[in-house]
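Everything on this sheet refers to the single structure shown next.
Bear in mind that the values in this text are calculations on the coordinates, not laboratory data. Only a predicted model underlies this, so the values are computations on that prediction, with no experimental measurement involved. So basically every Cβ, Gly included, is an ideal-geometry build from the backbone, and we count neighbours across all protein chains shown.
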Amino acid sequence: MIGFIIAGLIIGALARLIKPGRQNLGMVATLLLGLVGSVIGGVIASLLGTGDIGELNVIGFIVAVIAAVLLIGVAEGIAGRGKGNQVRR
């Protein structure tokens with residue numbers, strides 16, 4: 001479990017480094033996006049037959065980072081949409 005959390009932090013941090021621009025994400029959001037990305041990467045690697053979802057392998061890691069980058073973009077889009085709805089005076 002601790003290894004899964006550490007992998008999530010590493011994947012989330014790498015995704016934030018790869019994604020251009022400044023992200024308004026804290027450590028918890030980075031961890032959560034990294035964890036979701038790692039699950040997506042593990043599932044895809046498992047479907048490709050390169051390993052189990054709980055294993056750390058190269059294909060799963062690469063897919064996890066790509067998924068986390070995409071998730072950061074989605075999170076930014078959702079957060080940006082909420083800011084545009086405010087009434088300005």
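Just want to confirm a number: the relative contact order over the chain, from Cα pairs under 8 angstrom separated by 6+ residues, in percent. Taking the mean separation of contacting Cα pairs over the length of the chain, I get 31 percent.
Dimensions of the chain based on its C-alpha atoms, expressed as ranges along the principal axes with the largest first, amount to 56, 24, 20 Å.
Work out, step by step, the length gained on full extension between residue 17 and residue 78: first 0.36 nm times the residue separation, then minus their alpha carbon distance; give nm to one decimal. Full extension of this stretch gives 20.0 nm more.
Beta carbons within 10 angstrom, averaged per residue: use that to sort the peptides 9-20, 36-47, highest first. Write down the numbers at each step before the final one.
Values: 9-20: 17.4, 36-47: 19.8.
Final packing ranking: 36-47, 9-20.
Were the residues from residue 4 through residue 43 laid out at 0.36 nm apart, the gain over their Cα-Cα distance would be 12.6 nm.
In a reduced charge model with +1 at each Lys and Arg Cβ and -1 at each Asp and Glu Cβ, the chain shows a dipole moment near 760 debye about its Cα centre.
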